[in-house]
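The values are calculated or read from the model by the stated rules, or taken from the named source; none is laboratory data. Worth saying up front: this structure is predicted, and the values here are computed from it rather than measured. A quick note on method: Cβ atoms are made from the backbone with ideal geometry, for glycine too, and the neighbour counts reach across all protein chains shown. The protein model used for the area step is the full one, side chains on, heavy atoms only, and it has no ligands, DNA or RNA in it. Shrake-Rupley method; radii C 1.70, N 1.55, O 1.52, S 1.80 Å.
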Amino acid sequence: MAVSKLLSLTLFITFLCAVNNGRVEATHEIYPQFQSLSAVSVHQLHRTAFHFQPPKNWINDPNAPMYYNGIYHFFYQYNPKGAVWGNIVWAHSVSKDMINWKALEPAIYPSHRFDRKGAWSGSATILPGNKPVILYTGVDPNDRQVQNSAVPANLSDPYLRKWIKPAGLNPVVDPEAGVNASAFRDPTTAWWLSGHWRMVVGSKRNHRGMAYLYRSRDFIHWIKAKHPLHSAPRTGMWECPDFYPILLSGKQGLDTSVLGKQVKHILKVSLDVTRYDYYTVGTYLTDEDRYVPDNTSIDGWAGLRYDYGNFYASKTFFDPAKKRRILWGWVNESDTTSEDVRKGWAGIQAIPRIVWLDPNQRQLMQWPIQELETLRGTNVKMNHQMLKTGDHIEVKGISAAQADVDVTFYIPSLDKVEAFNLGWSLTDAQLLCAKKGSKVQGGIGPFGLLALASENLEEYTPVFFRIFKSSQKHIVLLCSDARSSSLKDGLYKPSFAGFVDVDLTDKKLSLRSLIDHSVVESFGAGGKTCITSRVYPTLAVLENAHLYAFNNGTETIIVENLNAWSMKKPLRMN
Ligand SMILES: *[C@@H]1O[C@H](CO)[C@@H](O)[C@H](O)[C@H]1NC(C)=O
Ligand SMILES: *[C@@H]1O[C@H](CO)[C@@H](O)[C@H](O)[C@H]1NC(C)=O
Ligand SMILES: *[C@@H]1O[C@H](CO)[C@@H](O)[C@H](O)[C@H]1NC(C)=O
Ligand SMILES: *[C@@H]1O[C@H](CO)[C@@H](O)[C@H](O)[C@H]1NC(C)=O
Ligand SMILES: *[C@H]1O[C@@H](CO)[C@H](O)[C@@H](O)[C@@H]1NC(C)=O
């Protein structure tokens, strides 16, 4: 089929979806014309080197990440037959470090009545006696979403290759009366409390997002609790809920069942309407079996996000080997469906991140797992480098299309900070970034990095700070602006942005960016604000990609300390 024909079909389908209010949920849109294409040729140009990505085809949600007997397991939603969503199975990979992976056969795929029309997302729980069990969503022949369980066929197999669905037990949870069977999915990891396991399934009731709570003594018979664990009006479908405890201080992670005075809880939901992952920090009231967000956390579309860019359907797990909680998230493409079909692949996973509570207790912090650093090769540094108005100074000597760069900026004076206009929204950073960008001169900033830049700056992805002052305090904006990232038309090029909750008393701001051919994954202020952008340069590719530090503010900024590394490719990928 000619590309132009594919394109017009896609546009037509997009149009149909746009006019259809009772639309298919975005993740589950079907492209019958793109399924089972023979002879897929995989285009290498924008493929990533060190982000998780199978050799070809479509991927989406991370599923049931877990650690078992020295091995990390990672499952993910995968279409074995094409580069668009469809034919979904649970692909399975194993690793000793979450960087170098070995691909195995799919672990879960439609096989029974209770998952005939789909084996969708789910989570793992390690039961006493070191026995992993997976709960996942199946779609039955009547298009009802049900929850099923699967267990390893052979616990002595170090890779747990084969998974079985215990006969006669599934589905373990049916949507009962009052539950919308078309919006009932993505069971969480379970936690143990006073004699019962508990887990949550995402749903909606009209426009209210729901986290239905279920209890079980034996992990087989599940009873729905009277009240959901939590719900919120006008948020739509809650996909992929994730609920876990977090220590008040320190970076150590906790098993999902830990409770106590030193602990707060996090509830994350993936909002299907906006397609971003939001979380609140709050308290788990165990007597009532309810979760209550703190009054410092906004519950809904204006709330905190793990990542202010392409990042969705994420899931955490507790790594008992290194006592940390690790976050996986799906990073989708920003090009068109027909482009994905041409490339032969779509979707990557973000670098696994550890999560811990910010000492201010209002938000999480995130940082790439330390194992990533084993891929660091050639290192270059820049110290005490002045960045005057309009400067862009090249960081030379590394492979700029495949790099890890970590920089601390020093702001000599905050006197000339631009005023924060009261007409601007404090909940829509992206709009502010669209207005201000990297080209509009400010006082302090824009300053930061130009990733995946062509030599003459026809293309570049600026990741930068801009500082504003309102009556009481400084407001720091972090942008990852894709608008100048590619000369190619028809791409999604958002000016992704988030605010950074820092006080600037030390006049320093740090930024780390993981640059990997078509992804720029950035961590502002030590992991307070994260933004992942997908970009598809045409000139700034491979050895023609450059990295610069830049400043477009009136005031001088100092690169106090910059380290950049060429990144190696993991030994075995996917
Ligand atoms: C289980 O796995 C172990 C280790 O790989 C193997 O030796 C054993 O034969 C397997 N058992 C079965 C029933 O397949
Ligand atoms: C149930 O969910 C589906 C899928 O989102 C939606 O189309 C439908 O309107 C919902 N039904 C009710 C009764 O809310
Ligand atoms: C928020 O909650 C804290 C304690 O949990 C309380 O001290 C504070 O007054 C509350 N703030 C508001 C604005 O309600
Ligand atoms: C800096 O500002 C100038 C003037 O607006 C603009 O031409 C240039 O593209 C900007 N640099 C970056 C990296 O955006
Ligand atoms: C990723 O792709 C962009 C561009 O097509 C869409 O706008 C996003 O909604 C989509 N994100 C997810 C999570 O599907």
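With all projection directions averaged, the alpha carbon convex hull of the chain covers 25.2 nm². Straight-line cross-link partners of K117 among the aspartates and glutamates, defined as a Cα under 12 Å from its Cα and at least 8 positions apart when in the same chain: D140, D143.
Of the peptides 520-528, 427-435, the order by per-residue mean of other Cβ atoms within 10 Å, starting with the highest, comes out as 520-528, 427-435. The value of relative contact order for segment 449-533, using C-alpha pairs under 8 Å at least six residues apart, is 23 percent.
When you count the other C-beta atoms within 10 angstrom of each residue and take the mean per peptide, 437-450, 394-407, 276-289 line up highest first as 437-450, 394-407, 276-289. Among the GluC sites (Glu not before Pro) in segment 299-383, none sits in a DSSP loop with a Cβ that has at most 12 other Cβ atoms within 10 Å.
Taking all Cα pairs closer than 8 Å and separated by 6 or more residues, the relative contact order of segment 2-368 comes to 14 percent.
Please work out how much length the chain gains when fully extended from D97 to N295, using 0.36 nm per residue of separation minus the C-alpha to C-alpha distance, in nm with one decimal.
The D97-N295 span can extend by a further 67.5 nm.
Between E288 and K264, the simple label model (points 7 Å from Cα in the Cβ direction) yields a spacing of 1.9 nm. Against the chain, whose longest principal axis is taken from its Cα atoms, helix 3-19 shows a tilt of about 70°. For I298, the residues whose modelled amide H falls within less than 5 Å of its own, excluding neighbours fewer than 5 places apart on the same chain, are L304.
The portion of the accessible surface of segment 343-397 made up by carbon and sulfur, rounded to a whole percent, is 49 (1.4 Å probe; DNA, RNA and ligands excluded). Close amide H partners of S257, meaning residues 5 or more places away or on another chain with modelled amide H under 5 Å apart, are W192.
Computed over protein heavy atoms with a 1.4 Å probe, the accessible surface of the chain works out to 39 Å² per residue. From most to least packed by mean Cβ count within 10 Å, the peptides 356-369, 503-516, 297-310, 411-424 give 297-310, 503-516, 356-369, 411-424. For segment 260-367, the number of Lys pairs with C-alpha atoms closer than 26 Å, counting only pairs eight or more positions apart or on separate chains, is 10. Once the chain from T538 to Q441 is taken as fully extended at 0.36 nm per residue, the excess over their C-alpha distance is 32.2 nm. In order along segment 389-400, the phi-based Karplus estimate (6.51 cos²θ - 1.76 cosθ + 1.60, θ = phi - 60°) of 3J(HN,Hα) comes to 3, x, 5, 9, 10, 6, 9, 9, x, 10, 7, 5 Hz; Gly and Pro are listed as x. For a paramagnetic label modelled on L45 (point 7 Å from Cα along Cα→Cβ), amide N atoms under 14 Å away belong, within segment 529-544, to 535-544.
Checking the cross-link pairs K416/K507; K396/K488; K204/K251 against a 22 Å limit on the alpha carbon distance flags K396/K488; K204/K251 as lying beyond it.
Return the carbon/sulfur percentage of the accessible area of segment 263-323, one whole number, probe 1.4 Å, all protein chains in place.
53 percent
The convex hull around the C-alpha trace of segment 251-408, projected and averaged over every direction, spans 14.2 square nanometres. Computed from the Cβ-Cβ distance with R0 of 41 Å, the FRET efficiency linking R342 to R116 stands at 0.85. Note on L193 and D506: their simple-model spin labels are 3.7 nm apart, each label 7 Å out from Cα toward Cβ.
A cut-off of 5 Å between modelled amide H atoms, ignoring neighbours fewer than 5 places along the same chain, links W367 with I354. Taking the Cβ-Cβ separation of N142 and H221 as r and a Förster radius of 30 Å, what is the calculated FRET efficiency to the nearest 0.05? Step by step, r from the Cβ atoms, then E = 0.85. Taken one residue at a time, the phi angles of segment 404-413 give Karplus couplings (6.51, -1.76, 1.60, θ = phi - 60°) of 10, 10, 10, 9, 10, 9, 10, 9, x, 9 Hz. Gly and Pro are set to x. Report summary: the helix-based calculation at 222 nm, which adds -39500 (n - 2.57) for every DSSP H run with n ≥ 4 and divides by the residues of the chain, gives -1500 deg cm²/dmol.
Normalised by the number of residues in segment 375-568, the average gap of Cα pairs under 8 Å and 6 or more apart makes the relative contact order 41 percent.
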